[in-house]
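Worksheet: one structure, shown below.
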Amino acid sequence: MQSIKPSEPQNTTRIKEFILLGFGNAENVNVLLFVLFIIIYTITLSGNLLIIMLVVTKNHLHTPMYFFLSNLSCLEICFTSAILPKMMVNCLTEKKTISFWGCILQMQFFFTPGVTECYLLAAMSYDRYLAICRPLHYVTLMNDKTCIFLVLMSWLTAFLLITILTSLLAQLTFCKQYEIDHFFCDFTPLVQLSCNDTWVIESTCLITSSIAVLPTFFITITSYTFIISAILKIPSVNGRQKAFSTCSSHLTVVSIFYGSLIFVYILPTTGKFKNMKKGFSFFYSALTPMLNPFIYCLRNKDIKEIIRKLFLKFRIFNISA
């Protein structure tokens, strides 16, 4: 990406709003997209709120693993709510605009939960490492104070990193270019519109991204290397299956999350990859938060059993009524 902007005189009047090009302007397509988005958003809210409710109300789920899971569900709700409502509104309006400060705030509220999720997934992988590889020390090392500290530091670190970026973005000038070729305010499409020299903000983005992704990815990979090694040493097949079942859902979520990030932020931003990146952006920003509750519910015996009992109670209540 070319960082140095042209030096000839330009109209530097501050742009007050941007146009989000999204997925096009075909009316029939937009109606279908609106229906799709509202279904995805409803399922996402329902699934993640269900997990939060179960963890809060069921005493036997008051463990570190489920504490982290409920916080992950909270992140997914924040993550999706930052972009899907605006996407639904744009599907119903001819002019798909977002104000300058609305764009900055959308990035703040979208990327803060995203970066927090990197740290939280690392904390969850460390929790599974302690549970499987150091079970005798688990209660001591992963107590309530440690869990709360890890979650608070995840949020705080992410908020500070993203605030640095959005503060720099707010100082850019965007001249005559105001069309963002995306369905939300993403960093690269927005920076490409600026007529400033963006070397500083791009370098800052690289540094903050490295702080957010590399350490958490290393912790996650290292934890699962030890976990898989420990599981393979268990002599019985049932023992290996039971041990792996406690972390399989988290490993699935981690694989989807980092796999999507790699496609979105490492593939080139031009040519045939542009629409591909937009598709993967939609997958990790809208579909992944919807799928995660299903992954945890379908692969977690405790949650499946609670949902089964709730369903039976509801069915019996309806029959008796």
Subject >> Solvent exposure, largest accessible area first (probe 1.4 Å, DNA, RNA and ligands not counted), of 87, 53 >> reply: 53, 87
Subject >> Solvent-accessible area of residue 311 with every protein chain in place, 1.4 Å probe, in Å² to the nearest 10 >> reply: 120
**OP:** Could you work out how far helix 27-57 tilts from the main Cα principal axis of the chain, as a 0 to 90 degree angle to the nearest 10?
**Re:** 40
Original post:
For the Cα atoms of the chain, what angle does the longest principal axis make with the long axis of helix 273-282, in degrees from 0 to 90, nearest 10?
Top reply: 50
Original post:
log10 I(q)/I(0), Debye, Cα-only segment 126-242, no solvent, q = 0.23 Å⁻¹?
Top reply: -1.29
Original post:
Sorted by accessible area with a 1.4 angstrom probe, largest first, how do 155, 101 fall?
Top reply: 101, 155
Original post:
Can you give me the Cα centroid spacing of segment 143-190 and segment 212-247 in angstrom?
Top reply: 31
Subject >> Computed over segment 24-314, Cα set: Rg, Dmax in Å >> reply: 20.6, 67
Original post:
Relative to the first principal axis of the alpha-carbon coordinates of the chain, what is the inclination of helix 288-298, with its axis defined by its Cα atoms, in degrees from 0 to 90 and to the nearest 10?
Top reply: 10
**OP:** State the extension gain, in nm to one decimal, for the chain segment bounded by residue 237 and residue 188, taking 0.36 nm per residue of separation less the distance between their alpha-carbons.
**Re:** 12.8 nm
Original post:
Per the helix-only calculation at 222 nm, which mean residue ellipticity applies to the chain, given -39500 (n - 2.57) for every DSSP H run of n ≥ 4 and division by its residues, nearest 500 deg cm²/dmol?
Top reply: -24000 deg cm²/dmol
**OP:** Could you size up the charge dipole of the chain around its Cα centre, putting +1 on the beta carbon of Lys and Arg and -1 on that of Asp and Glu, and report it in debye to the nearest 20?
**Re:** 1080
Subject >> Label zone at residue 200 (point 7 Å along Cα-to-Cβ), backbone N below 13 Å, segment 156-176 >> reply: 165, 167-173
**OP:** Starting from the residue with the highest accessible area, list 139, 264 in decreasing order, probe 1.4 Å.
**Re:** 139, 264
Original post:
Which residues in segment 29-61 have a backbone N closer than 16 Å to a point placed 7 Å from the Cα of residue 94 along the Cα-to-Cβ line?
Top reply: 30-31
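The values are calculated or read from the model by the stated rules, or taken from the named source; none is laboratory data. Computed from a prediction, not measured in an experiment: that's the story for all the values here. Using ideal geometry, Cβ is built from the backbone for each residue, glycine included, and neighbour counts are taken over all protein chains shown. The protein model used for the area step is the full one, side chains on, heavy atoms only, and it has no ligands, DNA or RNA in it. Shrake-Rupley method; radii C 1.70, N 1.55, O 1.52, S 1.80 Å.
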